[in-house]
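S.K.: Below you'll find the structure I mean.
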Amino acid sequence: MTSPAGSGHPDPRRILLVAPSPRLVAEATEAGFDVLTLTDTTGFRDDDALREHLVDLARTHRVSRLIACGEASALPAVLETAEHLGLSPNPAAVARLLADPSEIRGLLTRSGPQWEAVALPAGSWEPSPAHDIEYGVETLTAEGMHRVTGIVELRRTDTTGDPGGPAASGGGPGDDVTRPAHAPLHTFPAPLTGQEEAEIRALATGLLDLAGYEFGYAFTRIAHTGRGPRIINALTRQASRPVSRLIELTTGLAPERELVRALAGKPMEAPVLVGCAAAVPLPCPDDVPHDITLLAGVRELRDGHVLVTALTPAELTGRTAAVRDRLA
């Protein structure tokens, strides 16, 4: 944590990170930023107390940016304070809009017939349910330019491994939520044709444009339907595990490092795919076969999933099937 710097103009190298991961703090420090952190936003008596503390930190230490990370990226007290102090390029309303399917439907409807057509039907659900197949699109935005870092397929199956099982309840894909019976199988890169990938990329980045998103990670959920892809919502933060880990394993892109590069005004390194990966959900995280890590391609066992890598999609399919058979 930095020491007080007194009054004066903001220091361009001094940033305030709210609820950051240790890895992000380390990357920012290594890049030469003077990092101030607020690791816990839950210890305040109310939102006003949190706002006052953030204002005091920002003004006392003359920070130039306030970056909300993880769950803090959806807290109105944090977002509105950053906007009030002029320390974030994103209006606080953007995060609320993108996370709310009904607000997204309204935005798309107002934006013209071509956008209204890709909104989920109004009134169908609140909150939106899980679909048999969804796509999670992670993007990193800097100065209003959106770069897709990866598209992950999230395919729900029943307990026998057949697609089309009933949807699970709980948080959306990419959230750190374990749903033993019907959690989705994650596959990266998503098995898409060139046209399908282009369309999904255009939906995710177009939504961020319409909403006025200017900086940071976003994770957009897009449903696979009989009428084509339909936008569900977008979280204004980095994708959670296992999505983020699959992208990192197969591209080498460390998400925290890329965010710091964007903060420093440097271009993001182009993702270079080396193989493919999948995250197989554990039916019972407390009862995992002791020899599961000995199977071909198994890289990690964490966050309620077995992470598997391979050089080709066909090889990945075989390795994923072997893991599922062993778990069954």
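The values are calculated or read from the model by the stated rules, or taken from the named source; none is laboratory data. Since the model is a prediction, treat every value here as computed from it, not as a measurement. Here the Cβ positions follow ideal geometry from the backbone for every residue, glycine too, while neighbour counts run over all protein chains shown. The protein model used for the area step is the full one, side chains on, heavy atoms only, and it has no ligands, DNA or RNA in it. Shrake-Rupley method; radii C 1.70, N 1.55, O 1.52, S 1.80 Å.
S.K.: Give the residue, chosen from V260, V274, that is within 25 Å of L316 (Cα to Cα), out of contact with any strand residue (DSSP E or B) (no Cβ under 8 Å at 6 or more places or on another chain) and either open to solvent by less than 20 Å² (accessible area, probe 1.4 Å) or assigned to a loop (DSSP other than H, G, I, E, B) (or both).
M.R.: Details: V260 fails: within 25 Å of L316 (Cα to Cα).
After applying the criteria, what remains is V274.
S.K.: Examine the range 178-199 for a residue that is under 15 Å from A234 (Cα atoms), at pLDDT 95 or above and surrounded by fewer than 20 Cβ atoms within 10 Å (Cβ to Cβ), and state whether such a residue exists. Break it down stepwise before answering.
M.R.: To start, the set of residues in the range 178-199 that are under 15 Å from A234 (Cα atoms) comprises none.
Looking for residues that are under 15 Å from A234 (Cα atoms), at pLDDT 95 or above and surrounded by fewer than 20 Cβ atoms within 10 Å (Cβ to Cβ), one finds none in the range 178-199, hence no.
S.K.: Just give me the residues in the range 78-98 being in contact (Cβ under 8 Å) with a residue 40 or more places away in the chain and in a helix (DSSP H, G or I), in sequence order. Reasoning before the result, please.
M.R.: Of all residues in the range 78-98, those in contact (Cβ under 8 Å) with a residue 40 or more places away in the chain come to 78, 87-91, 94-95, 97-98.
Of everything in the range 78-98, those that are in contact (Cβ under 8 Å) with a residue 40 or more places away in the chain and in a helix (DSSP H, G or I) turn out to be V78, V94, A95, L97, L98.
S.K.: Another question, then. Name every residue in the range 217-257 that is over 24 Å from E30 (Cα atoms), open to solvent by 10 Å² or more (accessible area, probe 1.4 Å) and assigned to a strand (DSSP E or B), in order of residue number.
M.R.: R221, H224, T225, G228, P229, R230, N233, L235 - these are the residues of the range 217-257 that are over 24 Å from E30 (Cα atoms), open to solvent by 10 Å² or more (accessible area, probe 1.4 Å) and assigned to a strand (DSSP E or B).
S.K.: Taking the criterion of being of a type in the set (V, I, T), under 16 Å from R241 (Cα atoms) and touching a Ser or Thr at 6+ places or on another chain (Cβ under 8 Å), would at least one residue in the range 255-278 satisfy it?
M.R.: Initial filter on the range 255-278 (of a type in the set (V, I, T)): 260, 272, 274.
Filter again for under 16 Å from R241 (Cα atoms), leaving none.
No, there is no match, as no residue in the range 255-278 is of a type in the set (V, I, T), under 16 Å from R241 (Cα atoms) and touching a Ser or Thr at 6+ places or on another chain (Cβ under 8 Å).
S.K.: Residues in the range 99-125 that are among the β-branched types (V, I, T) and assigned to a helix (DSSP H, G or I): how many? I'd like the intermediate steps shown before the answer.
M.R.: Of all residues in the range 99-125, those among the β-branched types (V, I, T) come to 104, 109, 118.
Next, from what is left, pick out any that are assigned to a helix (DSSP H, G or I): 104, 109.
Residues meeting the conditions: 2.
S.K.: Then there's this: Pick from the range 200-214 the residues that are more than 20 Å from P113 (Cβ to Cβ) and open to solvent by 20 Å² or more (accessible area, probe 1.4 Å): which of them is farthest from the chain's Cα centre (by Cα)?
M.R.: G212
S.K.: While we're here: Of all residues in the range 68-79, which are open to solvent by 20 Å² or more (accessible area, probe 1.4 Å) and under 21 Å from P12 (Cα atoms)?
M.R.: Going through the range 68-79, the residues open to solvent by 20 Å² or more (accessible area, probe 1.4 Å) turn out to be 68, 70-71, 74-76, 79.
Of everything in the range 68-79, those that are open to solvent by 20 Å² or more (accessible area, probe 1.4 Å) and under 21 Å from P12 (Cα atoms) turn out to be A68, L79.
S.K.: List, please: which pairs have Cβ atoms under 7 Å, are six or more places apart or on different chains, and start with a residue in the range 28-41 that is free of Cβ contacts under 8 Å to residues at least 24 places away in the same chain and end with one that is among the β-branched types (V, I, T)?
M.R.: Final answer for the pair search is T29/V35; L38/V18.
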